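Below: the structure, in structure tokens.
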Amino acid sequence: MKAQVVKGAIMVTAFVMIQTATDSIPECAQQISAISGISEVYSVAGDWDLIAVARVHKHEDLAEVIANKLSKIPGIRGTQTHIAFRAYSDHDLEAAFSLGLDD
């Protein structure tokens with residue numbers, strides 16, 4: 001398995017889908033982005049209002065970032081977390097989907 005390495009440390013990455021009160025999306029996004037362990041927050045269309053990317057050193061740290069901080073922000077109505085197993089670069093994707101045919 002290929003793990004993400006940031007500044008010499010292996011990181012655990014999780015994607016957090018977030019539903020908020022309709023009138024508090026920007027405020028929630030700002031508060032989420034200020035949490036240590038959250039690297040990015042996106043406003044999205046569809047069933048979810050925001051998607052946050054958490055990057056921490058240990059799986060246990062996700063509980064602190066998501067359950068103890070993120071989910072307690074006023075205006076957040078629900079979350080769903082997906083933990084990443086593997087990251088693929090463009091090079092890895094080419095190898096994964098290659099049929100072994102040469103050009």
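The values are calculated or read from the model by the stated rules, or taken from the named source; none is laboratory data. Just so it is clear, the structure is predicted and the values come from calculations on it, not from any experiment. We place every Cβ from the backbone using ideal geometry, glycine too, and count neighbours over all the protein chains shown.
When you check Val65 against the structure, is it part of a helix (DSSP H, G or I) and buried (at least 19 other Cβ atoms within 10 Å of the Cβ), yes or no? I'd like the intermediate steps shown before the answer.
Values: part of a helix (DSSP H, G or I): yes; buried (at least 19 other Cβ atoms within 10 Å of the Cβ): yes.
Taking the combined requirement at face value, the residue satisfies it.
Please go through region 20-58 and give me each residue that is of a type in the set (A, V, I, L, M, F, W, C) and either out of contact with any strand residue (DSSP E or B) (no Cβ under 7 Å at 6 or more places or on another chain) or loosely packed, with under 14 Cβ neighbours inside 10 Å (or both), ordered by number.
Going residue by residue through region 20-58, those that are of a type in the set (A, V, I, L, M, F, W, C) are 21, 25, 28-29, 32, 34-35, 38, 41, 44-45, 48, 50-54, 56.
Matches in region 20-58: Ala21, Ala34, Ile35, Val44, Ala45.
Name the residue that is modelled with the highest pLDDT, counting only residues in region 1-35 that are in contact with an Asp or Glu (Cβ under 9 Å, 6 or more places away or on another chain) and farther than 15 Å from Gly78 by Cα.
Ser33
In region 72-94, which residue that is part of a helix (DSSP H, G or I) and modelled with pLDDT under 95 is surrounded by the fewest Cβ atoms within 10 Å (Cβ to Cβ)? It would help to see each step written out before you state the result.
From region 72-94, those part of a helix (DSSP H, G or I) are 72, 90-94; that's our starting set.
From the residues that got through so far, the ones that are modelled with pLDDT under 95 too are 90-94.
Numbers: Asp90: 6, His91: 8, Asp92: 12, Leu93: 10, Glu94: 10.
Checked region 72-94; the qualifying residue surrounded by the fewest Cβ atoms within 10 Å (Cβ to Cβ) is Asp90.
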